[in-house]
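Trainee: The structure under discussion is supplied below as structure tokens; questions concerning it will follow.
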Amino acid sequence: MTDQELHTTLPDEQPIMRLMPQPVNANAQGAIIGGWMMMQADIAGSIEAQRCAQGVVTTVAVNAFQFHQPVHVGDLVSFYAERLRVGKTSVTVKVEVYAQRHPDLLTTVKVTEATLTYVAVDPAGHAREMPH
Ligand SMILES: CC(C)(COP(=O)(O)OP(=O)(O)OC[C@H]1O[C@@H](n2cnc3c(N)ncnc32)[C@H](O)[C@@H]1OP(=O)(O)O)[C@@H](O)C(=O)NCCC(=O)NCCS
């Protein structure tokens, strides 16, 4: 399918993070490497997890990660995060990622989605209870 056939719109809420990947983030073909996206999705999810924990969190698990479409140098990449489950010490966050294609920024494609679990930790790095 072409980008035009996959074209969607950005969600109504504010993204938790927005970035424009650079050539250093790409492979020799100009496509952004999966590891860059995994790092950014982890950071985006951790922002929501830190809000929930009202403090420091650490990633305990990447439960699911799917790359739907490639990202290219210069795309404007927006990350959205949603709490799926809050446990005793953990929070599970869904991260959805959209790319607005360079250079027009009018074509919007959902590129990635992931589910990650974070644990609230104390200064010693031990799990602590989520605030009520
Ligand atoms: C995160 C960490 C502090 C948890 O330690 P722990 O107290 O032994 O962990 P527990 O087994 O009690 O689990 C804590 C919570 O994480 C959840 N959890 C643990 N493993 C999980 C997994 N694979 N998937 C989903 N949730 C998981 C547990 O269900 C529990 O949640 P709850 O309290 O809300 O019910 C510890 O495992 C750690 O430091 N890991 C390394 C984290 C890290 O460095 N991340 C970055 C890697 S570069």
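Trainee: Using R₀ = 35 Å, calculate the FRET efficiency as 1/(1 + (r/R₀)^6) where r is the Cβ-Cβ separation of ASP3 and THR58; round to 0.05.
Mentor: It comes out at approximately 0.45.
Trainee: Still on this model: Against the longest principal axis of the chain, how steep is helix 34-53, in degrees 0 to 90 to the nearest 10, with axes from Cα atoms?
Mentor: With both axes taken from Cα atoms, the answer is about 40 degrees.
Trainee: Only loop residues by DSSP count here, and only those with at most 15 other Cβ atoms within 10 Å; note down the trypsin sites (Lys or Arg not before Pro) in segment 30-132 that meet that.
Mentor: Working: sites: ARG51, ARG83, ARG85, LYS88, LYS94, ARG101, LYS110, ARG128; in loops: LYS88, ARG101, ARG128.
Passing both the DSSP loop test and the Cβ count: LYS88.
Trainee: In whole Hz and in residue order, list the ³J(HN,Hα) couplings for segment 100-105 that follow from phi through the Karplus curve 6.51 cos²θ - 1.76 cosθ + 1.60, θ = phi - 60°; x for Gly and Pro.
Mentor: Rounded to whole hertz, the list is 9, 6, 6, x, 7, 6.
Trainee: Once label points are set 7 Å from the Cα along Cα→Cβ at both ASP122 and HIS102, what is their separation, rounded to one decimal in nm?
Mentor: Those two pseudo-labels are separated by 4.7 nm.
Trainee: Something else: Which value, in Å² rounded to 10, gives the accessible area of MET17 with a 1.4 Å probe and all protein chains present?
Mentor: Spelled out: MET17, probe radius 1.4 Å, area about 30 Å².
Trainee: So how far apart, in nm, are the two label points at LYS88 and VAL24 if each is 7 Å from Cα heading toward Cβ?
Mentor: Between LYS88 and VAL24, the simple spin-label model gives 4.3 nm.
Trainee: Below 10 angstrom from the Cβ of GLN100, what's the summed charge of the other residues (Lys, Arg +1; Asp, Glu -1)?
Mentor: Computed value for this residue: 0.
Trainee: Show that you can apply the helix-only estimate: for the chain, add -39,500 (n - 2.57) for every DSSP H stretch of four or more residues, divide by all residues, and state [θ] at 222 nm to the nearest 500. Could the numbers behind the result be given before it?
Mentor: Values: 2 runs with 24 residues, N = 132.
The helix-only estimate for the chain comes to -5500 deg cm²/dmol at 222 nm.
Trainee: What residue among PRO103, MET130, HIS72 has its Cα farthest toward the positive end of the dipole of the chain, where the charges are +1 on Lys, Arg and -1 on Asp, Glu, each on the Cβ?
Mentor: Checking the options against the dipole of the chain, the answer is MET130.
Trainee: Next up: Could you work out the longest stretch of the chain that avoids the GluC sites (Glu not before Pro) located in DSSP loops with at most 15 other Cβ atoms within 10 Å?
Mentor: Between the exposed loop sites, the longest stretch runs 14-128.
Trainee: Using the heavy atoms of the protein chains and a 1.4 angstrom probe, tell me the accessible area per residue for segment 1-85 in square angstrom.
Mentor: 60
The values are calculated or read from the model by the stated rules, or taken from the named source; none is laboratory data. Remember, predicted model here, so these are calculated numbers, not experimental data. Positions of Cβ are backbone-derived with ideal geometry, glycine not excepted, and every protein chain shown enters the neighbour counts. Surface areas here come from the heavy atoms of the whole protein model, side chains and all, with no ligands, DNA or RNA. Shrake-Rupley method; radii C 1.70, N 1.55, O 1.52, S 1.80 Å.
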